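One structure is given here, and the rest of the page talks about it.
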Amino acid sequence: MKKTQHFILLVIGLATLLGSGGWLWYSRYAEKPLNCIGSMEWNIGSNRFAGTLSFRMYNNEGLATITGKLYGRNTSDISRNIYFIYTRQHEARVLQAMQVVKTFADSADEADINNTLPGFYRQSGRSLSLVMEEYKGAWIFASSNVPSLYCRKR
């Protein structure tokens, strides 16, 4: 009887140890969904874009939504969704645009867009490399070591 009780306690102890170790590993190393939104302003030459950019990423797939006003030769609205896949390269994520979907509200002039927005937000097949660091409950996105977006968690 004594041996049976010790064996049961040993099995319970091992199960607790393995369970808590597995939970700790998962909570520390498993990928968590990224869902954030930030305000942007780009000034390139005489063109300017002001609006919002949101990212949703999980399991090597994602969606970027960009909306705002483009001030170029004409003032127009931008509203589009960029569906992408990504890979991790050390601290960076390399995003590859799979499909760019303009919404009905997107009235931007193509010449102004081509002179202002990075290729990733304009057409499928283009890539974007971003370093993403978590900072005080938000994400800092940087491109070429230059911070480009403070993305608040949703």
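Which one of E110, E91 is in the same structural domain as A142 (by TED's automatic domain parsing), exposed (fewer than 13 other Cβ atoms within 10 Å of the Cβ) and either at pLDDT 90 or above or in contact with a strand residue (DSSP E or B) (Cβ under 9 Å, 6 or more places away or on another chain) (or both)?
Testing whether each residue is in the same structural domain as A142 (by TED's automatic domain parsing), exposed (fewer than 13 other Cβ atoms within 10 Å of the Cβ) and either at pLDDT 90 or above or in contact with a strand residue (DSSP E or B) (Cβ under 9 Å, 6 or more places away or on another chain) (or both) leaves just E91.
Identify all residues within segment 125-152 that are touching an Asp or Glu at 6+ places or on another chain (Cβ under 8 Å) and aromatic (F, W, Y); write none if there are none.
Passing the criteria: only W139.
Does V101 satisfy the criteria of being closer than 15 Å to I66 by Cα, of a type in the set (V, I, T) and surrounded by fewer than 19 Cβ atoms within 10 Å (Cβ to Cβ)?
Considered against the rule, which asks whether it is closer than 15 Å to I66 by Cα, of a type in the set (V, I, T) and surrounded by fewer than 19 Cβ atoms within 10 Å (Cβ to Cβ), V101 comes out as yes.
Restricted to segment 139-154, and to residues that are of a type outside the set (S, T, Y) and surrounded by 16 or more Cβ atoms within 10 Å (Cβ to Cβ), which residue is farthest from S54 (Cα to Cα)? Working first, answer last.
Initially, segment 139-154 is screened for residues of a type outside the set (S, T, Y), giving 139-142, 145-147, 149, 151-154.
In the following step, the residues that additionally are surrounded by 16 or more Cβ atoms within 10 Å (Cβ to Cβ) were identified as 139-142, 149, 151.
Numbers: W139: 11, I140: 13, F141: 12, A142: 15, L149: 10, C151: 8 Å.
Across segment 139-154, the extreme among qualifying residues is A142.
Looking at segment 1-21, is at least one residue over 21 Å from R152 (Cβ atoms), part of a loop (DSSP other than H, G, I, E, B) and not assigned by TED's automatic domain parsing to the domain that holds A138?
Among the residues of segment 1-21, at least one is over 21 Å from R152 (Cβ atoms), part of a loop (DSSP other than H, G, I, E, B) and not assigned by TED's automatic domain parsing to the domain that holds A138, which makes the answer yes.
Any chance segment 52-66 includes a residue that's out of contact with any Ser or Thr (no Cβ under 9 Å at 6 or more places or on another chain), surrounded by 12 or more Cβ atoms within 10 Å (Cβ to Cβ), of a type in the set (D, E, K, R) and without any contact (Cβ under 8 Å) to a residue 60 or more places away in the chain? Write out each step before concluding.
Restricting attention to segment 52-66, the residues satisfying the condition of being out of contact with any Ser or Thr (no Cβ under 9 Å at 6 or more places or on another chain) are 57-59, 61-62.
Retained after the next criterion (residues that are surrounded by 12 or more Cβ atoms within 10 Å (Cβ to Cβ)): 57-58, 61-62.
With the extra rule that they be of a type in the set (D, E, K, R), the set shrinks to 61.
Right, trim to without any contact (Cβ under 8 Å) to a residue 60 or more places away in the chain and you get 61.
Yes; the residues of segment 52-66 include at least one that is out of contact with any Ser or Thr (no Cβ under 9 Å at 6 or more places or on another chain), surrounded by 12 or more Cβ atoms within 10 Å (Cβ to Cβ), of a type in the set (D, E, K, R) and without any contact (Cβ under 8 Å) to a residue 60 or more places away in the chain.
Consider only pairs whose beta carbons are under 6 Å apart and that are at least six residues apart or on different chains; among these, list those whose first residue lies in segment 115-138 and is in contact (Cβ under 8 Å) with a residue 40 or more places away in the chain and more than 19 Å from C151 (Cβ to Cβ) and whose second residue is of a type outside the set (S, T, Y) and exposed (fewer than 14 other Cβ atoms within 10 Å of the Cβ).
T116/I44
Taking segment 29-67 as the region of interest, how many residues are outside any strand (DSSP E or B) and not hydrophobic (A, V, I, L, M, F, W, C)?
8
The values are calculated or read from the model by the stated rules, or taken from the named source; none is laboratory data. The structure displayed is predicted, hence computed values, not measured ones. When we count neighbours, we look across all protein chains shown, and the Cβ atoms used for this are built from the backbone with ideal geometry, even at glycine.
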